[in-house]
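Have a look at the structure below, then the notes.
Each reported figure results from applying straightforward, stated rules to the coordinates on display, with no laboratory input. All figures in this text were calculated on a predicted structure; none of them were measured in a lab. No Cβ is skipped: glycine too gets one built from the backbone with ideal geometry, and neighbour counts run over all protein chains shown.
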Amino acid sequence: MSPRVVKEQGYDIVIFTQDHYPPHVHAIKNSELAKFTLDPVELVTATRGFTPKMIVEAIEIIRRNKGHCWKIWHDVYGK
């Protein structure tokens, strides 16, 4: 199960429990998926349907909730 970090503006920001470093989150909206690093908050990869507008929106959500994202990452991975 992937813990949801944030649900905002139709986005689910999640951390996959069997994932890897560096610390990052995944943004899901309308079956589209993108991966963002936490430090700094930057796009790593995205599915074709994850539009530039969605990238900007997801980055803003992650930045606003960055502290909480880090807390959940450390809760899941213990580091």
Once both axes come from the Cα atoms, what is the angle between helix 66-77 and the longest principal axis of the chain, in degrees from 0 to 90, rounded to 10? 50 degrees
Remind me, relative contact order of the chain in percent, using alpha carbon pairs under 8 angstrom and six or more residues apart? 24 percent
For the chain, which chymotrypsin sites (Phe, Trp or Tyr not before Pro) are in a loop by DSSP, counting at most 16 other Cβ atoms within 10 Å? 16
Using a Förster distance of 25 Å, the FRET efficiency for residue 19-residue 60 (Cβ separation, nearest 0.05): 0.65
Short version: ³J(HN,Hα) in whole Hz for each residue of the stretch 27-38, in order, from phi by Karplus 6.51 cos²θ - 1.76 cosθ + 1.60 (θ = phi - 60°), x for Gly and Pro, what are they? 10, 10, 8, 6, 6, 9, 9, 9, 10, 10, 6, 9
By the gyration tensor of its Cα atoms, with a ≥ b ≥ c the square roots of the eigenvalues, what is the shape of the stretch 2-43: rounded for a/c under 1.5, prolate for a/b over b/c, or oblate? prolate
What's the magnitude of the charge dipole for the stretch 4-77 around its Cα centre, counting Lys and Arg as +1 and Asp and Glu as -1 at the beta-carbon? Answer in Debye, nearest 20. 120 debye
In degrees rounded to 10, the 0-90 angle between helix 52-64 Cα long axis and the longest Cα principal axis of the chain is 30 degrees
Under 16 Å by backbone N from the virtual spin label 7 Å along Cα-to-Cβ at residue 74, the residues of the stretch 10-42 are 23-24, 38-39
Debye-sum result for the chain in log10 I(q)/I(0), which assumes one identical scatterer on each alpha carbon, at q = 0.11, 0.12, 0.13, 0.25 Å⁻¹: -0.23, -0.27, -0.32, -1.26
